[in-house]
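K.L.:
Structure below; questions to follow.
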Amino acid sequence: MKLSDMARFNWLVVSRHRFRTAMVMLALIIGVSAVNLLIGLGEGARLFILGEFSFLGKNTLIVMPGKKETTGGMPPISGESPRELTLRDSQAVQRLPEVRLMAPLVVGFAELSYQGRLRESLIVGTSRDFMQIRKLIVQQGQFLPQSELEEARAVAVIGRKLKRELFGPEPALGRWLRAGDRRFRVIGVLSSKGQSLGMDFDEVMLVPVASAQALFNQEGLFRVFAEVRSYDYVNNAKDRILSVITERHDGEEDVTVVTQDALLASFDEILRTLTLAVGGVAAISLIVAGVLIMNVMLISVSQRTDEIGLLKALGADGTTIERLFLSEAILLALLGGISGLLLSEAILAMGRSFYPDVPLGSPVWAKVAAFLTAILTALIFAYIPSRRASAMEPVAALNEGKGVS
Amino acid sequence: MTFMSSPVEAADLVELKSVDRHFQLGDQTVKALDAVDLSISCGEYISVMGPSGSGKSTLLNILGLLDQPSRGEYILDGISTTTLKDKARAAYRQSEIGFVFQSYHLIPRMTARANMELPLMLAGISPKERAARIKPLMERLGIADRAEHLPKQLSGGQRQRVAIGRAIMMKPKLLLADEPTGNLDTASGTEVVKLLEELNREGITLIVVTHDLELGKRARRQIRMVDGRIAQDVLAGN
Ligand SMILES: Nc1ncnc2c1ncn2[C@@H]1O[C@H](COP(=O)(O)OP(=O)(O)OP(=O)(O)O)[C@@H](O)[C@H]1O
Ligand SMILES: [Mg+2]
């Protein structure tokens, strides 16, 4: 029997038994859309969280003082604390041909005050390149000037919220504010970057790196960001930076250079596992659909015994009958699976329109997996009923439903 | 009238050799067929009569490979069917044997055309060729204008003609009809019988089970069954 004929034959069966078909489809729709929805939600959450934390581009390398002990081996025998990362180190990094932008970072908290208004704030000492690396936009005034890194100019760029809280509606540009025991002239106000889990730039004050060093009386850098010319150079640049600094530190490899991807990778893994687990739980709901399919098919087989007998009398062998019933289940699974996917995609699309920030949506593999699971479930649970149909003796089947139509 | 003593000829289409068909009902054995010997040549027209429960349907089912003997041998077209597997038996039913039932056995959700199409569909014949084969047959059976009707929209006689069309769709050698007129009034019953006889004249081997003495007497060879045995096997007009 041709596949197209089987499809047509079964289409008549499923379209005639509307209620039965609707029940099975409903169960499959719930199962398939649960899988797709939950994975879609999980993926959306994962991408959202990663997006929030991935404040740096793919080309950016992060240099941190100290050796990250990934192997968990013995602590260094020499009691020496790791050497600090200096401004000179960062300048050496900047001179590398692969490095396009470089921003050293000194970070600390200080109390800001302006005309009696006080506020504790995060202060970041850095360079002009930082604006480009973090893709910051200046709303008023200008960003930190391009100058020698050692130059401790008394200028500051402040976040929007900080500006509002310290200056209110008054203009802030050109005003002097106090931070700890130093004074800074406001030369720029950042435009809102939105809520970012990485760092809230609405509440930050940016100053030249040397000024921050002086303010916090701290030589060592917290981090150095280095943006490489292109992604192809990332690994190369990573090695170069490491060797340059190691050389400057008398051959001791006491800094760590990582990409943001590496930092996020382990985090990503946890979220991914979680999504999979949730999707797997949803897939279990398909077993419920499977049991329903089995019952429906068993009923179908017993209701259609005389039809099975007839088909055998007309020349169908056991295999054909088995295939006929299996394909009926597959047809139901196709209908339910497609409807389930459409429904869940519609819900995800609706979710996206309500929460545009969260990239809700399941990856293609999840859709394929949900769909195939539905088909597989149908096949597995329709197997016993189909075998039962195929094993019927033609004469017994024919006699059972004597006197129809 | 002469008593037939199972003649063995080269042209035998069907040969039963001491076939038994026993049913076990609790601790009781029902002998639906009891040591039946029967030879049928190509092109014969046979009626099978006898009291209810005498084994007529059982005989027909075995001849049609719908049922298997408990004992004995059934040779169809020179080949012993006793050891044939399901696939081979199905292939015989498909191409060599046509069945007509008292209750028509049409699939209620399918149109007259689709019902007639079934054997062709099962045989994997293309839709184009199916259409080409069905059209002239429907015209011949006088149901061309009912092609798209469902069985419940057809009269008994029309239904049985659809069923006959379905049975001969694959041009079988052997046409088995189990009380084909049992559910019909005299007029449409006679029409159906005439149709079957016409097919027989064109060469098909026809075996009709009937309770109707008049109909039974129209056959050239008449078999009478009693208690699972062939009690009488006569050639009419001799
Ligand atoms: N599947 C079965 N299980 C048990 N007994 C059966 C079965 N099929 C037939 N029989 C018995 O075998 C005997 C012959 O049955 P069969 O149907 O061949 O009779 P019949 O001559 O066709 O009768 P009728 O004229 O009433 O159709 C009967 O006694 C019947 O009860
Ligand atoms: Mg009978």
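K.L.:
Could you count how many residues in the range B:179-212 are in contact (Cβ under 8 Å) with a residue 60 or more places away in the chain and away from ligand 2 (no atom under 16 Å from the Cβ)?
P.N.:
Looking only at that region, the number is 7.
K.L.:
Another question, then. With respect to residue B:99, determine if the residue is within 16 Å of ligand 1 (Cβ to nearest atom) and closer than 19 Å to residue A:317 by Cβ.
P.N.:
yes
K.L.:
Just name the residue that is modelled with the lowest pLDDT out of those in the range B:3-36 that are away from ligand 2 (no atom under 16 Å from the Cβ) and within 18 Å of the chain's Cα centre (by Cα).
P.N.:
That would be B:12.
K.L.:
Kindly indicate which of B:166, B:133, B:159 is within 13 Å of chain A (Cβ to nearest Cβ), closer than 22 Å to residue B:90 by Cβ and charged (D, E, K, R).
P.N.:
Checking each option against the conditions leaves just B:166.
K.L.:
State whether one or more residues within the range A:391-403 are within 16 Å of ligand 2 (Cβ to nearest atom), in a helix (DSSP H, G or I) and of a type in the set (S, T, N, Q).
P.N.:
yes
K.L.:
Out of A:302, A:243, which single residue is away from chain B (no Cβ under 14 Å), closer than 30 Å to residue B:64 by Cα, surrounded by fewer than 15 Cβ atoms within 10 Å (Cβ to Cβ) and of a type in the set (Ser, Thr, Tyr)?
P.N.:
A:302
K.L.:
Filter the helices (runs of 4 or more DSSP H) completely within the range B:41-136 down to those with at least 1 residues that are within 16 Å of ligand 2 (Cβ to nearest atom) and crowded, with 19+ Cβ neighbours inside 10 Å.
P.N.:
By residue number, B:56-63.
K.L.:
Working carefully through the options A:105, A:112, A:122, A:56, find the one that is at pLDDT below 90 and either more than 14 Å from chain B (Cβ to nearest Cβ) or part of a helix (DSSP H, G or I) (or both).
P.N.:
Every option except A:56 fails the conditions.
K.L.:
Additional query: Can you find even one residue in the range A:351-359 that is buried (at least 21 other Cβ atoms within 10 Å of the Cβ) and more than 14 Å from every other protein chain (Cβ to nearest Cβ)?
P.N.:
No: the range A:351-359 contains no residue that is buried (at least 21 other Cβ atoms within 10 Å of the Cβ) and more than 14 Å from every other protein chain (Cβ to nearest Cβ).
K.L.:
Out of B:191, B:129, I need the residue that is farther than 30 Å from residue B:58 by Cβ and acidic (Asp, Glu). Which one?
P.N.:
When all the criteria are applied, what remains is B:129.
K.L.:
Looking for whichever is away from every other protein chain (no Cβ under 14 Å) and either free of Cβ contacts under 8 Å to residues at least 60 places away in the same chain or away from ligand 1 (no atom under 13 Å from the Cβ) (or both) here; the options are B:45, B:92, B:104. Which one fits?
P.N.:
B:45
K.L.:
Under 7 Å by Cβ, and 6 or more places apart or on different chains, what pairs join a residue from the range A:1-20 that is over 18 Å from residue A:295 (Cβ atoms) with one that is exposed (fewer than 14 other Cβ atoms within 10 Å of the Cβ)?
P.N.:
Pairs that qualify, where the first residue is over 18 Å from residue A:295 (Cβ atoms) and the partner is exposed (fewer than 14 other Cβ atoms within 10 Å of the Cβ), are A:1/B:124; A:2/B:124.
K.L.:
Among the residues of the range A:311-322, are any within 14 Å of chain B (Cβ to nearest Cβ), surrounded by fewer than 24 Cβ atoms within 10 Å (Cβ to Cβ) and of a type in the set (D, E, K, R)?
P.N.:
yes
K.L.:
Using the structure shown, decide if residue A:278 is surrounded by 14 or more Cβ atoms within 10 Å (Cβ to Cβ), over 30 Å from residue A:24 (Cα atoms) and out of contact with any Asp or Glu (no Cβ under 6 Å at 6 or more places or on another chain).
P.N.:
no
K.L.:
Only one residue in B:179, B:214, B:191, B:197 is within 16 Å of ligand 1 (Cβ to nearest atom) and charged (D, E, K, R). Which one?
P.N.:
Of the residues listed, the single one that is within 16 Å of ligand 1 (Cβ to nearest atom) and charged (D, E, K, R) is B:179.
The values are calculated or read from the model by the stated rules, or taken from the named source; none is laboratory data. Fair warning: this is a prediction, and the values are worked out from it, not measured in the lab. Using ideal geometry, Cβ is built from the backbone for each residue, glycine included, and neighbour counts are taken over all protein chains shown.
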